[in-house]
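**Q** Once you've had a glance at the structure underneath, I'll fire off some questions.
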Amino acid sequence: MEDTPLSTDDGASAKSSSRYTLIAIALHGLLAIGLLYQLGLGVWMEDIPKSPPGIRAEWFNWHKSIGLVLGLLIVLRGAWRLSHRPPALPDHLPRWQTWTANANHALLYACMVIMPLSGFLGSSFTPYPIKFFGTALPRLWEASAAMKDALSAIHTACSYVFMFTIAAHIMAAFWHALRRDGILKRMWP
C-alpha cells in the first residue's frame, strides 16, 4: 500500500489513516522544543539564589511568560487533536505496545494541561503580580500562601512525571526508528 503524499496546505488532505497532518506535526515540534526548554529552565531556576533581589524574579517571570505562550499552544494542539483524528497504530504492533503508547500519550496530554495550569494558578496566589513579558496581569484573587504551596507542589510533582513520560516517549521513538517499523514515519512531513 502506497502512502499518499501530504499536501502543502494545512495538511487536512493528508491520508488520515497513515500520517499526522502538517499542523499536528508543527504543533508537536513547537511544543516539544518549548516544553523541553521550560522543564530545563524550571530545574535550573530552583538553584538561583534569592539574593541579590531581582535576578531570580526575572527568570521566574520569563518562565511564566513562556509558560503562558505554551499554554495557548497546548489549547491549540488539543483543539486540533479533537477535531482531527490521529492516524491509527498499525495492526502489526503487539497489544502491549498499543496500550503503552495510548497510556503514554494520555499522560503527556494530562501533564501538558496540569503543568501550565498549576503554574499559572500557583503564581496567581502569590503576593506578586504575574508579568507577561514585563506587563503585569490583573490579579484574579487575594494572595494565599496555602493555595500557592499546594499548587506549587502539584506543579513540581507533575514536572517529574512529565520528564519521565517525555523520556519514555523519546526512547520509544528511537526504538521504533531502529526497528524501522513505520511508526516514526507517521510524524515526518
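Bear in mind that the values in this text are calculations on the coordinates, not laboratory data. For clarity, every value in this text was computed on a predicted model and none was experimentally measured. Please note: Cβ atoms are built from the backbone with ideal geometry, for glycine as well, and neighbour counts cover all protein chains shown.
**Q** Cβ-Cβ below 6 Å, separation at least six or inter-chain, first residue in the stretch 145-173 and within 17 Å of GLY29 (Cα to Cα) and in contact (Cβ under 8 Å) with a residue 24 or more places away in the chain, second exposed (fewer than 12 other Cβ atoms within 10 Å of the Cβ) and small (Gly, Ala, Ser): which pairs?
**A** So the pair list comes out empty.
**Q** Out of the stretch 141-153, which residues are aliphatic (A, V, I, L, M) and surrounded by fewer than 17 Cβ atoms within 10 Å (Cβ to Cβ)?
**A** Once the filter is applied, which keeps residues that are aliphatic (A, V, I, L, M) and surrounded by fewer than 17 Cβ atoms within 10 Å (Cβ to Cβ), the stretch 141-153 yields ALA143, ALA145, ALA146, MET147, ALA150, ALA153.
**Q** I'd like the full set of residues that are surrounded by fewer than 16 Cβ atoms within 10 Å (Cβ to Cβ) and assigned to a helix (DSSP H, G or I), limited to the stretch 82-103. If you could, list the steps in order and put the result at the bottom.
**A** Taking the stretch 82-103 and keeping what is surrounded by fewer than 16 Cβ atoms within 10 Å (Cβ to Cβ), we get 82-83, 85-86, 88-92, 94-96, 98-100, 102-103.
Hits for the stretch 82-103 are LEU82, SER83, ARG95, TRP96, THR98, TRP99, THR100, ASN102, ALA103.
**Q** Scan the stretch 154-183 residue by residue and report those that are surrounded by 12 or more Cβ atoms within 10 Å (Cβ to Cβ) and more than 19 Å from the chain's Cα centre (by Cα).
**A** Of everything in the stretch 154-183, those that are surrounded by 12 or more Cβ atoms within 10 Å (Cβ to Cβ) and more than 19 Å from the chain's Cα centre (by Cα) turn out to be TRP175, HIS176, ALA177, ASP181, GLY182, ILE183.
**Q** Hey, among the residues in the stretch 129-138 that are surrounded by 13 or more Cβ atoms within 10 Å (Cβ to Cβ) and not aliphatic (A, V, I, L, M), which one's farthest from LEU68 (Cα to Cα)? Can you show your working first?
**A** Narrowing the stretch 129-138 to residues surrounded by 13 or more Cβ atoms within 10 Å (Cβ to Cβ): 129-132, 137.
If we keep only those that are not aliphatic (A, V, I, L, M) as well, we get 129, 131-132.
Numbers: PRO129: 14, LYS131: 10, PHE132: 8 Å.
The extreme case among them is PRO129.
**Q** Would you be able to tell me the number of residues in the stretch 174-189 that are at positive phi and touching a residue at least 60 places away in the same chain (Cβ under 8 Å)?
**A** Going through the stretch 174-189, the residues at positive phi turn out to be 180, 182.
Pick out the ones that are also touching a residue at least 60 places away in the same chain (Cβ under 8 Å) and you get 182.
Number of matching residues: 1.
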